[in-house]
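Enquirer: To start, I am sharing the structure in question, which I have written as structure tokens.
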Amino acid sequence: MICALKHSLESYWLILVIVAVSACQQEVDKPVDTGVNKFSDPVLVQVYEYQDQRDTESLLGFFNDESSKYREEAALAFASVQDTSAIRPLALLLNDGSARVRRAAAYALGQMYDRQCIDPLVRALQTEDSVFARKELIEALGKVITMETIDLLHQVAIGSEKEKEGLAWALYRAGIRNVHDGITLDIALSLLDMANSYETRLGAAHFFARSPNLALAGREGLLIRVATSDPSPAVRMAVTKALGTVVTQKSAKALTMAILKDTDPGVRVNCAKAMENFPMDQVQPALTTLLQNDNINVRIAAAQVLASKPAKLSWEQVNGITGWRVKSILLGGLLKYASTKDEFTRAIQGEYETADNPYYKAGLLSALGNVPVAKDFIFKETLAPPHPVIGTAVTKALISIRQHKDFPENWTKDFANKFKQIIETGDVGSIALVSQMYLRPGLKFSEQYDDYKFLESAKNRLTLPRDNEALQVLNAAIALFKGLERPVTKNEYNHPIDWEQVKQIPKRQKVTIETAKGNVTLRLLVEDAPATVSNFLSLVDTGYFNGKNFHRVVPNFVVQGGCHRGDGYGSEDYSIRSEFANLRYQQGSVGMASAGKDTEGTQWFITHSPTPHLDGRYTIFAQVEEGMEVIDQLEVGAEIIQIKVMGNGV
């Protein structure tokens with residue numbers, strides 16, 4: 001009884017805190033004060049330092065601290081450390097007197113993605129009385145549940161909207177791992193009801209959008225109602241994506257109507273993507289209409305689907321398209337499905353010769369990679385590519401030709417020699433691409449070389465942590481060729497946090513990204529990701545990002561920048577640690593790109609829409625406060641004119 005009363009009081013206290021935080025959140029655009037960040041507390045600095053060093057033993061020492069704040073922070077640290085030896089101590093924290101500590105322990109256990117966590121989470125749910133802790137326990141269970149134990153998730157008692165939100169996200173976390181059955185499917189359908197909260201509906205919608213192998217035939221009626229009537233564009237986006245897996249006349253009609261009637265560009269992007277699975281004659285009229293849309297991402301998504309199948313488009317139509325990326329995508333589709341390819345090939349080569357935008361030239365090389373007949377032209381371009389973007393595009397085009405179904409067998413040796421030459425250039429991007437191709441066993445590259453010394457030589461020219469991404473696949477290729485076990489390529493700890501700098505960063509510090517399309521304001525999350533924010537601001541202070549490009553734009557997903565090469569393969573001679581705070585990727589979240597855990601450096605991205613499959617896997621260190629309309633206009637190659645720190649954190 002005393003324990004239950006204590007938990008009830010903790011729950012009441014936590015509810016008051018959450019209500020207060022929610023009230024403050026409504027004022028997020030007009031902060032009352034900037035304030036110093038929490039790292040004025042030297043104990044918190046020590047906790048985060050141990051987290052950064054992945055020091056499990058020292059972090060566990062805080063689990064018995066008299067301060068619930070330090071116990072909570074130490075528990076949250078294991079969401080980033082992810083050391084399974086901490087599972088049992090974290091399980092004991094599920095009985096802590098503080099609901100905040102119990103919630104933190106639940107999140108950290110979910111981040112382990114280990115079935116050992118199932119029993120302690122289930123036991124904790126039997127006694128937990130804080131709705132916020134219960135929500136976290138339920139979602140964590142979804143991250144670790146297995147098909148053999150999925151009935152434990154079905155049996156969770158749900159008595160509040162917060163718990164229902166936890167269940168929706170638990171179904172999603174299990175579903176993306178292909179852990180689902182007919183019961184979870186029916187539960188998820190019920191959670192789409194508009195009487196439920198936005199968070200509940202969003203979690204359920206993403207369950208349908210991203211879970212593989214769902215049996216949705218005959219159930220599309222409810223999905224169609226949600227896709228056409230839910231008040232949230234984010235929910236409609238996810239459900240339209242799910243409709244793409246139900247290839248029926250009813251679904252095709254619903255997607256077409258959404259394209260015509262839904263005013264949200266993100267929904268239109270996902271409608272276009274969903275149409276990829278449908279016969280072209282059913283969807284081409286709607287997709288062709290989208291090529292004239294005001295939003296560049298809508299046009300790109302439509303072009304990608306039109307190029308993926310034979311479409312009734314003429315050279316004249318495509319040549320009249322505005323926007324280099326849309327045009328190059330459609331040219332690739334025309335070339336791929338043309339009955340006579342020589343004329344189109346020559347025309348695209350001519351377009352390439354006159355283009356001056358390296359990203360457009362890269363797009364045209366991608367188009368040429370659809371046909372083996374372009375081999376000689378692309379071979380010639382390997383000699384001295386004028387820009388890293390073009391160099392990697394050349395390599396990608398040759399890989400595409402090598403994997404083409406009509407690849408002539410008598411070219412096998414020529415291509416093997418060409419890929420060896422590309423490896424020997426030492427270009428890190430091309431080394432990564434070719435090594436990845438070498439891993440495809442069906443191509444049998446290991447049989448095409450007398451020795452593998454050129455691979456060892458290339459490896460000796462690369463270094464950690466700078467070239468981690470390339471070394472991962474190069475080491476794997478060497479191991480495959482030699483018949484050895486694939487090695488682990490890991491960055492050692494190499495970049496301590498500058499705590500004196502961190503302490504000077506206001507907790508609401510903002511920066512402005514200036515682009516030709518307008519300015520974007522970010523609020524940095526120093527209290528959630530101190531190492532990442534410190535690293536980012538150090539790069540900003542030196543002007544590192546100024547003049548660089550957004551090298552990657554995926555409609556309805558991300559815009560990405562920060563690469564000094566401009567193609568995504570550029571890194572520096574250090575890396576920082578991943579910091580996985582209990583945050584979700586929403587529209588405008590800013591995260592760190594990586595080649596795996598603890599490999600972050602200079603590249604970062606901004607999300608177009610909620611992307612929960614990134615949660616807990618990529619550091620979130622900022623949030624867009626103003627300028628999402630600018631983000632939605634950015635194209636591949638868009639320049640970051642400069643990034644400026646706003647004074648006093650406001």
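Here, each number is a calculation from the coordinates, and none is a lab measurement. What you see is a predicted model, and the numbers here were worked out from it, not measured in a lab. Virtual Cβ from ideal backbone geometry, glycine too; neighbours counted across all protein chains shown.
Enquirer: First select every other residue whose beta carbon is under 12 angstrom from the beta carbon of residue 318; then total the charges, Lys and Arg +1, Asp and Glu -1.
Expert: 0
Enquirer: Out of residues 5 or more away from residue 552 or on other chains, whose amide H comes under 5 Å of its own, with H placed 1.01 Å from N in the peptide plane?
Expert: 560, 637
Enquirer: How much length, in nm to one decimal, is gained on full extension between residue 492 and residue 642, taken as 0.36 nm per residue of separation minus their Cα-Cα distance? Could the numbers behind the result be given before it?
Expert: On the way: separation 150, 0.36 × 150 = 54.00 nm, distance 3.16 nm.
Roughly 50.8 nm would be gained on extension.
Enquirer: Quick one: 452, 359, fewest Cβ neighbours within 10 Å first, how do they rank? Can you show the working numbers first?
Expert: Numbers: 452 15, 359 24.
Least to most surrounded, the residues fall as 452, 359.
Enquirer: Right, another one. May I ask you to order 373-382, 405-414 by the average number of other C-beta atoms within 10 Å around their residues, highest value first?
Expert: 373-382, 405-414
Enquirer: Rounded, prolate or oblate, given the Cα gyration tensor of the range 228-312, with a/c below 1.5 counting as rounded?
Expert: Values: a/c = 1.81, a/b = 1.20, b/c = 1.50.
Here the range 228-312 falls in the oblate category.
Enquirer: Helix-only estimate, please: 222 nm mean residue ellipticity of the chain, summing -39500 (n - 2.57) across DSSP H runs of length 4 or more and dividing by its residues, to the nearest 500. Present the calculation step by step, with values, prior to reporting the outcome.
Expert: On the way: 31 runs with 341 residues, N = 650.
It lands at -16000 deg cm²/dmol.
Enquirer: Once the dipole of the chain is set up with Lys and Arg at +1 and Asp and Glu at -1 on Cβ about the Cα centre, which of 491, 369, 335 lies farthest towards its positive end?
Expert: 335
Enquirer: Can you spot the lysines whose alpha carbon is less than 22 Å from residue 375's alpha carbon? Ignore those fewer than 8 places along the same chain.
Expert: Partners found: 327, 336, 341, 361, 396, 405, 413, 418, 420, 444.
Enquirer: In whole Hz, what ³J(HN,Hα) sequence does the range 418-430 give by Karplus (6.51, -1.76, 1.60; θ = phi - 60°), x for Gly and Pro?
Expert: 5, 5, 5, 4, 5, 4, 6, 5, x, 5, 5, x, 5
Enquirer: Report ³J(HN,Hα) in whole Hz for each residue of the range 179-186, in order, from the Karplus equation J = 6.51 cos²θ - 1.76 cosθ + 1.60 where θ = phi - 60°; Gly and Pro get x.
Expert: Coupling constants for the range 179-186: 9, 6, 8, x, 5, 4, 4, 5 Hz.
Enquirer: Now a separate question. Rounded if a/c is under 1.5, else prolate if a/b is larger than b/c, else oblate: which is the range 520-594, with a ≥ b ≥ c the root eigenvalues of its Cα gyration tensor?
Expert: oblate
Enquirer: Would you please classify the overall shape of the range 499-649 from the alpha carbon gyration tensor, given that a ≥ b ≥ c denote the square roots of the eigenvalues, rounded means a/c under 1.5, and beyond that prolate means a/b larger than b/c while oblate covers the rest?
Expert: The shape class here is rounded.
Enquirer: Tilt of helix 324-337 relative to the longest C-alpha principal axis of the chain, in degrees (0 to 90, nearest 10)?
Expert: 60
Enquirer: Check residue 626: other-chain or 5+ apart residues with amide H under 5 Å from its amide H, H built from backbone geometry?
Expert: Close amide H contacts, sequence-distant or interchain: 521.
Enquirer: Another question, then. Along the Cα-to-Cβ line of residue 54, 7 Å from the Cα, sits a label point; which residues in the range 535-578 have backbone N less than 15 Å from it?
Expert: Backbone N within reach: 575-578.
Enquirer: Measure nothing but the geometry: give the 0 to 90° angle between the long axis through the Cα atoms of 530-541 and the longest principal axis through the Cα atoms of the chain, rounded to 10°.
Expert: Roughly 50 degrees between the two axes.
Enquirer: With only Lys, Arg, Asp and Glu charged, each at its Cβ (+1 for the first two, -1 for the last two), find how big the charge dipole of the range 228-312 is about the Cα centre; round to the nearest 20 debye.
Expert: Once rounded to the nearest 20, the dipole reads 140 debye.
Enquirer: Work from the charge dipole of the chain (Cβ charges, +1 for Lys and Arg, -1 for Asp and Glu, about the Cα centre) and give the residue of 425, 306, 101 farthest towards its positive end.
Expert: Farthest along the dipole direction, towards plus: 306.
Enquirer: What is the distance, in nm, between label points placed 7 Å from the Cα along the Cα-to-Cβ direction at residue 219 and at residue 411?
Expert: Rounded to a tenth, the inter-label distance reads 4.5 nm.
Enquirer: Excluding residue 466 itself, what net charge comes from residues whose Cβ is under 10 Å from its Cβ, given Lys and Arg +1 and Asp and Glu -1?
Expert: -4
Enquirer: Picking from 67, 234, 246, whose Cα lies most toward the positive end of the charge dipole for the chain (charges on Cβ: Lys, Arg +1; Asp, Glu -1)?
Expert: About the Cα centre, the residue reaching furthest to the positive side is 246.
Enquirer: Among 280, 147, rank each residue by its count of other Cβ atoms within 10 Å, from fewest to most, as a rough exposure measure. Numbers along the way, then the final one.
Expert: On the way: 280 16, 147 12.
Ordered from fewest to most neighbouring Cβ atoms within 10 Å, 280, 147 come out as 147, 280.
Enquirer: Which order do peptides 316-322, 218-224 fall in by mean Cβ count within 10 Å, highest first?
Expert: Peptide ranking by packing, descending: 218-224, 316-322.
Enquirer: By how many degrees, between 0 and 90 and to the nearest 10, does the Cα long axis of helix 2-25 differ from the longest principal axis of the chain?
Expert: The angle comes out near 50 degrees.
Enquirer: Please report 602, 607, 245 as a ranked list, fewest other C-beta atoms within 10 angstrom at the top and most at the bottom.
Expert: Neighbour counts put them in this order, fewest first: 245, 602, 607.
Enquirer: Here is a follow-up. Residue 69: which lysines have alpha carbons under 21 Å from its alpha carbon, excluding same-chain residues fewer than 8 sequence positions away?
Expert: 6, 38, 135, 503, 507
Enquirer: Please report, in debye to the nearest 20, how large the charge dipole of the range 499-649 is about its Cα centre when each Lys and Arg carries +1 at its beta carbon and each Asp and Glu carries -1 there.
Expert: That gives the range 499-649 a dipole magnitude of about 180 debye.
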